[in-house]
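First the structure, in the form of C-alpha cells, and then the observations on it.
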Amino acid sequence: YTTLFRSVHDFGYLSRVASQIEALRDEEAGGALAKTGLRERRKLLRCVSVTMTGDTYACARSLHAALCASFTVCKAVDSVVRGEHRNAFCVVRPPGHHAGEAGSTKRAGESEEPGLVGQGFCLINHVAVGARHALANHGSRIKKVVVI
C-alpha cells in the first residue's frame, strides 16, 4: 500500500504529517512527560490532541487511523469489484477532500504555504486512494473512475 499512498500524496507530505503529529504531541505533553514513567507516558501521549492547522486536530494515533480508513476503502472497492456486494458505503470521517497531494487543497490562484498539512480535519484523501486502488488493482475491469 506504500506505493498506493505515494501515488496520491507525495512522500514529503506523508513524512511531514507524521513528524508534525509527533512534534506537536511531544510539545503539548512536554511538562507532564518529565514526571511520569514509561507506561504512564505512553498512556498520556495517546490522549494528547494537538492542532495542526486552524481546524485540523491530531493525536498520537491520527495518522494510523487515517491509514486504516484508506485501507477500509480499498477493501470495499475490492469487495464490490469481485461481486461480493453490489455497493459499499465506508464510514470514514473525514473523506479526505481537503488533503491534496502535498498538503491542503487550494483554489486556482492561491499559493500553498510550505509545511501545511491537509485542512478540514483531512490527513489522507481516502476517496483518491480508493480510486487509485481501483485503477491499479482492477484495471482489467475498471478503466475510469469518476469522483463526484
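Which of the residues belonging to the range 104-139 are modelled with pLDDT under 70 and in contact with a Leu (Cβ under 7 Å, 6 or more places away or on another chain)?
From the range 104-139, those modelled with pLDDT under 70 are 104-121; that's our starting set.
Across the range 104-139, the qualifying residues are Ser104, Val117.
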(message) Pull out all pairs, ordered by first then second residue, where Cβ-Cβ is under 9 Å, the residues are six or more apart or on different chains, the first lies in the range 81-94 and is touching a residue at least 12 places away in the same chain (Cβ under 8 Å) and closer than 16 Å to Asn137 by Cβ, and the second is of a type outside the set (S, T, N, Q) and outside any loop (DSSP other than H, G, I, E, B).
(response) Val81/Ala134; Ala88/Val73; Ala88/Lys75; Ala88/Ala76; Ala88/Val77; Ala88/Val80
(request) Would you tally the residues in the range 80-96 being within 18 Å of Leu63 (Cα to Cα) and either surrounded by fewer than 16 Cβ atoms within 10 Å (Cβ to Cβ) or touching a Pro at 6+ places or on another chain (Cβ under 9 Å) (or both)? (result) 2
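The values are calculated or read from the model by the stated rules, or taken from the named source; none is laboratory data. What you are looking at is a predicted structure, and each value in this text was computed from that prediction instead of being measured. Reconstructed Cβ throughout: ideal geometry from the backbone, glycine too, with neighbour counts over all protein chains shown.
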